[in-house]
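Some notes on the structure that comes next.
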Amino acid sequence: MHVMRLGEPAGLDSLALDTAEPRPPGPGEVQVEVAASSLNFHDYVVVTGLIPTAPGRVPLSDCAGTVTAVGEGVTRFKAGDRVMSHFFPGWLDGTATMEKLLGVPGDHVDGFAAGSVTMAEAAFGPMPANLDFAEAATLPCAALTAWRALFVETRLKPGDWVLVQGSGGVSVFALQFARMIGCRVIATSSSDEKLERLGALGAEHLINYRREAKWGKAVEKLTGGRGVELVVEVGGPGTIGESVRAVGFGGCIAMIGVLTGVSGEFPLAAMFQKNARMAGITVGSQQAQADMVKAIEAADLHPVIDSSYPLEDLAAAFRHQEAQAHFGKVCITMG
């Protein structure tokens, strides 16, 4: 089988295609033929060395594929089952702890940039019956992050306002999930073309933040002074000030990304005056993923895929992601 490994020092130019033999599953393990994966910002910071990992690491945290063999004691899967990965193999349910967040594929251990993988049974769950492999491979990180923001950290109801930033995977999934339950969505982007596409997905109001730098005030006006119940915050310090202005009294800012940096000024007084709160979100639990799968099947929701690259062009796929030219998810196919 083909496998992509990260060299030393890390970087896109150090990604190298290799070959390896699939490993038969041991007790409690399953062997999966990987059909597809997808790119997340987390994968990018791993392959560019911003998150150090072992030389020779196989990257990519997301996967969808078919079980080809099971080891002794495996009860949840059989050969032929269609599965997708868990970002946190150790986080079954409940709140996050440091121990539950260990074992991330493509980071702490080898990931899914390979034709076949053999991992513990807990590394996988069933994929939605209504999706193909490429679609399912977009879910374990980005979709589950959006799901947790909307349905675990907050309890949104129809008619509530949600603000999404940009058109990356998490933001597009948040828009889709919000519209799925009848929430009203405001979307921001620097691209009029992308805003038009966000509108086609159901965003009610569209704000180009390059032309309207004080977009938090615009959000207040659009919502009749109420503000939004949830801000899906992916920018970090460069956008948090406007997010605080945009959030309503008692609302939540779901802190998901830090694309503009890791530190900066924070309007603390405005935040507590609104009785608002901030929830730091790193993906979610396996129970949350199972709940999300049921909802995707019931609503027949389909992820938005920007483009697809073969495994041997993984570096080119990351460069496309790096250029922020994508809308939705960038997929990787294994054969």
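The values are calculated or read from the model by the stated rules, or taken from the named source; none is laboratory data. What you see is a predicted model; the values in this text were computed from it and never measured. Ideal geometry is used to build each Cβ from the backbone, glycine not excepted, and the neighbour counts take in all protein chains shown. Note: accessible area is taken over every heavy atom of the protein model, side chains too, but ligands, DNA and RNA are not part of it. Shrake-Rupley method; radii C 1.70, N 1.55, O 1.52, S 1.80 Å.
Figures for the structure shown
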quantity: Among the residues listed as 70, 3, the single one being among the β-branched types (Val, Ile, Thr), open to solvent by less than 40 Å² (accessible area, probe 1.4 Å) and either farther than 19 Å from residue 308 by Cα or in contact (Cβ under 8 Å) with a residue 24 or more places away in the chain (or both); calculated: 3
quantity: Of residues in the range 324-335 being small (Gly, Ala, Ser) and at pLDDT below 95, the one nearest to residue 12 (Cα to Cα); calculated: 325
quantity: Residue selected from the range 44-88 under the condition in contact with a Pro (Cβ under 6 Å, 6 or more places away or on another chain) and acidic (Asp, Glu), by the criterion farthest from residue 335 (Cα to Cα); calculated: 72
quantity: In the range 294-317, the residues that are open to solvent by 50 Å² or more (accessible area, probe 1.4 Å) and either of a type in the set (Val, Ile, Thr) or modelled with pLDDT under 95 (or both); calculated: 305
quantity: Selection within the range 12-52 - open to solvent by 10 Å² or more (accessible area, probe 1.4 Å), over 26 Å from residue 306 (Cβ atoms) and among the β-branched types (Val, Ile, Thr); calculated: 19
quantity: Enumerated strands (runs of 3 or more DSSP E) restricted to the range 101-183, each holding at least 1 residues that are over 13 Å from residue 232 (Cα atoms) and either out of contact with any strand residue (DSSP E or B) (no Cβ under 9 Å at 6 or more places or on another chain) or modelled with pLDDT of 95 or more (or both); calculated: 116-120, 124-126
quantity: Residue match in the range 173-187 (condition: open to solvent by less than 30 Å² (accessible area, probe 1.4 Å) and either out of contact with any Leu (no Cβ under 8 Å at 6 or more places or on another chain) or of a type in the set (D, E, K, R) (or both)); calculated: yes
